[in-house]
1. Checking the conditions here, which among Lys132, Lys117 is part of a strand (DSSP E or B) and charged (D, E, K, R)?
2. If you go through the range 181-191 one residue at a time, do you hit one that is part of a strand (DSSP E or B), under 24 Å from Gly90 (Cα atoms), of a type outside the set (Asp, Glu) and without any contact (Cβ under 8 Å) to a residue 60 or more places away in the chain?
3. Which residue is least open to solvent (accessible area, probe 1.4 Å), if the candidates are limited to the range 117-138 and must be out of contact with any Ser or Thr (no Cβ under 9 Å at 6 or more places or on another chain) and within 24 Å of Gly174 (Cβ to Cβ)?
Amino acid sequence: PVRRPRSGIPASEKVSKIALFVIMWLFILLIGGIIYVYIESKYEGSNNKAIDDTRITDKLNGADNGEEEPVVEATPVPATPTATPTPTMGVVSLVTSTAKMDTYSISGSDKMKVQIKLLKSVDCWFQLDKDKKGGTLIEMNTLNQSDPSRTWEFDHSAYLNVGRGDAVEITINGTVIAPEVKVVSKKFQFNLLK
């Protein structure tokens, strides 16, 4: 007997055509994802801040606005006993700033008081090292609503890494430093210049 050829495509050929179609689209999506990540990394790399030579204290005192300070006449003050002089808190200056790390110098003081305070209702991880990144670990912990702040006093430089730069306020010797607000990790190097 003569067999007639079957009409239609066998099931195995249908499955292979569908698999080839799916693999082709996955490959196109993978290439698109790689291009997207490359463009994003290039954009973030060129988004670094320029170095600002202006001291933070100058900005706070209005020295940048070009206005003259008003002249105030001195009024006589009655003589009082000499009090013990209080130590100066020094000048906090921004040295360099990049997207991920800010470097500050503290001059005119032999001590540095660092305070970190939580501003939002989120947990914020932090790590504090002595002198520089990879130095002796001082503390690694998490700030949260039940434990929202920490304060340390040093006679040496320090390195601070916070998990949420947008969720904390950092104060050095009473001067609030304002990091770039981002959700990503932010690092700070505080150099105590004696």
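1. Details: Lys132 fails: part of a strand (DSSP E or B).
Of Lys132, Lys117, the one residue that is part of a strand (DSSP E or B) and charged (D, E, K, R) is Lys117.
2. Scanning the range 181-191, I find no residue that is part of a strand (DSSP E or B), under 24 Å from Gly90 (Cα atoms), of a type outside the set (Asp, Glu) and without any contact (Cβ under 8 Å) to a residue 60 or more places away in the chain, so the answer is no.
3. Here is the first cut: in the range 117-138, the ones out of contact with any Ser or Thr (no Cβ under 9 Å at 6 or more places or on another chain) are 119-122, 127-128, 133-134, 136-138.
Now restrict to residues that are within 24 Å of Gly174 (Cβ to Cβ): 119-120, 127-128, 138.
Numbers: Leu119: 102, Lys120: 85, Gln127: 43, Leu128: 0, Ile138: 66 Å².
In this case the residue turns out to be Leu128.
For every residue, the table says whether it meets (1) modelled with pLDDT under 85; (2) farther than 13 Å from Trp125 by Cα; (3) open to solvent by less than 20 Å² (accessible area, probe 1.4 Å).
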| site | (1), (2), (3) |
| --- | --- |
| Trp152 | no, yes, no |
| Tyr159 | no, yes, yes |
| Val162 | yes, no, yes |
| Gly165 | yes, no, yes |
| Gly174 | yes, yes, no |
| Ala178 | yes, yes, no |
| Lys182 | yes, yes, no |
| Ser185 | yes, no, no |
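The values are calculated or read from the model by the stated rules, or taken from the named source; none is laboratory data. As the structure is a computational prediction, the values presented were derived from the model and not from experiment. Cβ: placed from backbone, ideal geometry, glycine included. Neighbour counts: every protein chain shown. In case anyone asks, the SASA skips ligands and DNA or RNA and just uses the protein heavy atoms, side chains included. Shrake-Rupley method; radii C 1.70, N 1.55, O 1.52, S 1.80 Å.
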